[in-house]
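Here the structure comes first, spelled out in structure tokens, and everything after it is commentary.
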Amino acid sequence: MSNENKNIMICDHPLIKHKITMLRNKETGTNEFRSIVEEIAMLIGYEALRDLDLEYVDVQTPIETASCPVIAGKKQAIVPILRAGLGMVGGLLKLMPTAKVGHIGLYRDEETFEPQEYYCKLPSSIDQRKIFVVDPMLATGGSAIAAIDFIKKYGGKDITFLCVIAAPVGLEKLAEAHPDVKIYVGNLDRGLNEKAYIVPGLGDAGDRIFGTK
Ligand code: PRP
Ligand code: URA
């Protein structure tokens, strides 16, 4: 993990880098793409969950009773940004099986690249939950910023954003718009092209996960 801004964590784990290379390959088909996104989400999630709170419970081992740590509470929420964020949910649920899952539907207008909302359903007591917003791609930053705006409007406070690939401009905009949000990035790519696609990137993450085009 590295970066100067303490809220931005760029993953440096070789497994994450290797798997992202597989995603970039245009020959990687839908089925494989989907499972690799899930694996990467789990690996990034493992880093992002380092600061989960622990509490102590008494456990009777075969030898004695010991006070042992367990994850405190069950108040996590995973919020994918539809559609592509759905691809990351399974990986995080493997780490937090009791987490609730909310959904935010946004798509980028193809001409303005501005995010348009079409759906929002969040778990109850969102203000008390640790919230993990997931989307494989952080390009201009518009979608992530808008999704987090919504979550805050509904009371969300403790928010972490996870993505597989980010463009520097989107990462900077997100960190500026939401300085309280922790951001985990699998890889920081070079930039954006004229259609606001990440370069070198992996193409349209939603289309590659769901086999559409
Ligand atoms: C993609 C991606 C992000 C967004 C990133 O979704 O999954 O949500 O673009 O771009 P931004 O940082 O410039 O906002 P898209 O709008 O293509 O919708 P989809 O997931 O339904 O394909
Ligand atoms: N959304 C994607 O799916 N890919 C990009 O490169 C940019 C936005």
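Structural remarks
- Residues being away from ligand 1 (no atom under 16 Å from the Cβ) and either of a type in the set (A, V, I, L, M) or closer than 24 Å to Arg108 by Cβ (or both) - total across the range 62-89: 6
- Hey, Leu106 in contact (Cβ under 8 Å) with a residue 12 or more places away in the chain, open to solvent by 50 Å² or more (accessible area, probe 1.4 Å), out of contact with any Gly (no Cβ under 8 Å at 6 or more places or on another chain) and within 14 Å of ligand 2 (Cβ to nearest atom) or not: no
- Test: residue in the range 89-101 that is open to solvent by 40 Å² or more (accessible area, probe 1.4 Å), touching a Pro at 6+ places or on another chain (Cβ under 7 Å) and modelled with pLDDT of 95 or more: yes
- Filter pass, Ala41 being closer than 22 Å to Ser143 by Cβ, out of contact with any Asp or Glu (no Cβ under 7 Å at 6 or more places or on another chain), in a strand (DSSP E or B) and open to solvent by less than 10 Å² (accessible area, probe 1.4 Å): no
- Only one entry of Ile209, Ile198, Ile145, Ile104 meets the criterion of being modelled with pLDDT of 95 or more, out of contact with any helix residue (DSSP H, G or I) (no Cβ under 7 Å at 6 or more places or on another chain) and within 12 Å of ligand 1 (Cβ to nearest atom), and that entry is Ile198.
- A count restricted to the range 66-85 and to residues that are surrounded by fewer than 24 Cβ atoms within 10 Å (Cβ to Cβ), assigned to a strand (DSSP E or B) and small (Gly, Ala, Ser) stands at 2.
- The range 19-35, residues that are open to solvent by less than 50 Å² (accessible area, probe 1.4 Å) and among the small types (Gly, Ala, Ser): Gly29
- Some residue of the range 131-142 being surrounded by fewer than 18 Cβ atoms within 10 Å (Cβ to Cβ), away from ligand 1 (no atom under 11 Å from the Cβ) and not basic (Lys, Arg): no
- Among the residues making up the range 179-213, those that are of a type in the set (S, T, N, Q) and either within 12 Å of ligand 2 (Cβ to nearest atom) or open to solvent by 40 Å² or more (accessible area, probe 1.4 Å) (or both) are Asn193, Thr212.
The values are calculated or read from the model by the stated rules, or taken from the named source; none is laboratory data. The shown structure was predicted, so the numbers you read here are calculated from the model rather than taken from an experiment. Glycine also receives a Cβ, built like all others from the backbone with ideal geometry; neighbour counts cover every protein chain displayed. SASA here: full protein model, heavy atoms, side chains in, ligands and nucleic acids out. Shrake-Rupley method; radii C 1.70, N 1.55, O 1.52, S 1.80 Å.
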